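Q: My structure is below; once you've seen it, I'll send some questions.
The values are calculated or read from the model by the stated rules, or taken from the named source; none is laboratory data. On a predicted model such as this, the values are computed, not experimentally measured, just so you know. Backbone-built Cβ (ideal geometry, glycine too); neighbour counts: all protein chains shown. Just the protein is used for accessible areas: all its heavy atoms, side chains included, with ligands, DNA and RNA removed. Shrake-Rupley method; radii C 1.70, N 1.55, O 1.52, S 1.80 Å.
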Amino acid sequence: MKKIGVLTSGGDSPGMNAAIRAIVRKGISMNIEVYGIYHGYTGLIEGTIRQLDLGSVGDIIHRGGTILRTSRSDAFKTEEGRQAALAQLRKFGIEGLVVIGGDGSSRGAQKLFELGISTVTIPGTIDNDIPGTEMTLGFDTAVNTVIEAIDKIRDTAASHDRISVIEVMGRHSGNIAVWAGLAGGAESIVIPEVDFNIEEITDKLEETNKRGKKHSTIIVAEGVCSGAKVVEMIKERTGLDTRVTVLGHMQRGGSPSATDRLLGSRWGAKAVELLASGEPVGKMLGLRANRLVANGFDLLHSEKPAVNLELYELSNSISI
Ligand code: F6P
């Protein structure tokens, strides 16, 4: 294989730049030309494609976001869009592609593979909700960002004797809520994977309040309902002074953690090695027991990514 392309798609995540850097540098070291496709599948359809040299990925390993930009493309979901993308790949002579993104991006990659393009995906999303991997690129940084926010909110909540409800991202997944909730010492965690029981939360609040503990932290995953809604319910049932903080997009930004830089570098280099074999390849990279794995696209449809309920239970049992 002489020419490969790389694109980032869907919500950006910290570590994407480390992956792009590794792809470009590994590719060049193996005499492969690497092309950057800008703005995800939209750029692939429109042909916003440029060759990347060593210097183009200098000074980016520590940066959040993606130097290739990203998008969520509706056009690529159509046959017409995919044929336009295929035509661009042929025009540039690109024989293999690395797609860095979440589950929607991986489904897009599968379509390209079915059209005859060798494609390898890197699971890039803060949500940690891709089948076949224990960890996604950006999740570790996002969890650390949330913990930092929880710590700060706790300082002021403790000073004012308040209940803090913190709404975190994760679309349909409770992973960020569970990991950050446990690590941040939250009293309750509300996630889509477990039935929401407001009485359990308010009973606990009233009990701890009676015991003299006047401030508490409740983490709500956006996939359940808004943090504001939970505040309303708590106030209605307990009358306690309760405030909401929606962390929003700050969870997607920031300098990647060491874990995400390492993962991005390892997956980036591995993707190039797989494509370089010259055989037709359609794989989703992942991590199992700290080893890189390459799964087939069938996993996207057969395995549901699970939230770590052990961590959820542990948090419940020690936040009394
Ligand atoms: O997929 C990552 C993610 O940050 C989700 O956690 C969130 O629900 C979604 O993207 C928000 O997407 P956007 O801000 O791009 O609309």
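Q: Quick one: is L300 within 16 Å of the ligand (Cβ to nearest atom), under 30 Å from M1 (Cα atoms) and in a helix (DSSP H, G or I)? Write out each step before concluding.
A: Details: within 16 Å of the ligand (Cβ to nearest atom): yes; under 30 Å from M1 (Cα atoms): yes; in a helix (DSSP H, G or I): yes.
Considered against the rule, which asks whether it is within 16 Å of the ligand (Cβ to nearest atom), under 30 Å from M1 (Cα atoms) and in a helix (DSSP H, G or I), L300 comes out as yes.
Q: While we're looking at this one, here's another question. Of all the helices (runs of 4 or more DSSP H) wholly in region 1-100, which have at least 1 residues that are within 16 Å of the ligand (Cβ to nearest atom) and touching a residue at least 24 places away in the same chain (Cβ under 8 Å)? Don't jump to the end; show me each part of the working.
A: Working: elements: 16-29, 40-46, 79-92.
Because the criterion is at least 1 residues that are within 16 Å of the ligand (Cβ to nearest atom) and touching a residue at least 24 places away in the same chain (Cβ under 8 Å), the helices (runs of 4 or more DSSP H) in region 1-100 that meet it are 16-29, 40-46.
Q: Still on this structure: For region 158-187, which residues satisfy the criterion of being free of Cβ contacts under 8 Å to residues at least 40 places away in the same chain and within 13 Å of the ligand (Cβ to nearest atom)?
A: We begin by selecting, within region 158-187, every residue free of Cβ contacts under 8 Å to residues at least 40 places away in the same chain; these are 159, 180, 184.
Listed by number, the list holds a single entry, A180.
Q: Next question, about the same structure. Restricting to region 224-251, name every residue that is open to solvent by less than 40 Å² (accessible area, probe 1.4 Å) and assigned to a loop (DSSP other than H, G, I, E, B). Outline the logic, then answer.
A: Here is the first cut: in region 224-251, the ones open to solvent by less than 40 Å² (accessible area, probe 1.4 Å) are 225, 227, 230-231, 233-234, 238, 240, 242, 247-248, 251.
Those that are open to solvent by less than 40 Å² (accessible area, probe 1.4 Å) and assigned to a loop (DSSP other than H, G, I, E, B): C225, L240, L247.
Q: Next up: Considering T66, T42, T48, T70, which residue is under 25 Å from the mean Cα position of the chain (by Cα), β-branched (V, I, T) and open to solvent by 50 Å² or more (accessible area, probe 1.4 Å)? It would help to see each step written out before you state the result.
A: On the way: T66 fails: open to solvent by 50 Å² or more (accessible area, probe 1.4 Å); T42 fails: open to solvent by 50 Å² or more (accessible area, probe 1.4 Å); T70 fails: open to solvent by 50 Å² or more (accessible area, probe 1.4 Å).
Result: T48 is the single residue among T66, T42, T48, T70 that is under 25 Å from the mean Cα position of the chain (by Cα), β-branched (V, I, T) and open to solvent by 50 Å² or more (accessible area, probe 1.4 Å).
Q: Here's something else I'd like to know. Find the residue count for region 188-216, including only residues that are closer than 21 Å to N128 by Cβ, surrounded by 19 or more Cβ atoms within 10 Å (Cβ to Cβ) and in contact (Cβ under 8 Å) with a residue 60 or more places away in the chain. Lay out the reasoning, then the answer.
A: Filtering region 188-216 down to residues closer than 21 Å to N128 by Cβ leaves 188-194, 196.
Checking the rest, the ones that are also surrounded by 19 or more Cβ atoms within 10 Å (Cβ to Cβ) come to 188-191.
Restricting the remaining residues to those that are in contact (Cβ under 8 Å) with a residue 60 or more places away in the chain gives 188-189, 191.
Looking only at that region, the number is 3.
Q: Follow-up. Kindly indicate whether any position in region 135-152 is farther than 25 Å from G282 by Cβ, in contact with a strand residue (DSSP E or B) (Cβ under 9 Å, 6 or more places away or on another chain) and assigned to a loop (DSSP other than H, G, I, E, B). Walk me through it before giving the result.
A: Residues of region 135-152 that are farther than 25 Å from G282 by Cβ, as a first pass: 140-152.
Now drop any that are not in contact with a strand residue (DSSP E or B) (Cβ under 9 Å, 6 or more places away or on another chain), which leaves 142, 146, 149-150.
Still in the running and assigned to a loop (DSSP other than H, G, I, E, B): none.
No, every residue in region 135-152 fails to be farther than 25 Å from G282 by Cβ, in contact with a strand residue (DSSP E or B) (Cβ under 9 Å, 6 or more places away or on another chain) and assigned to a loop (DSSP other than H, G, I, E, B).
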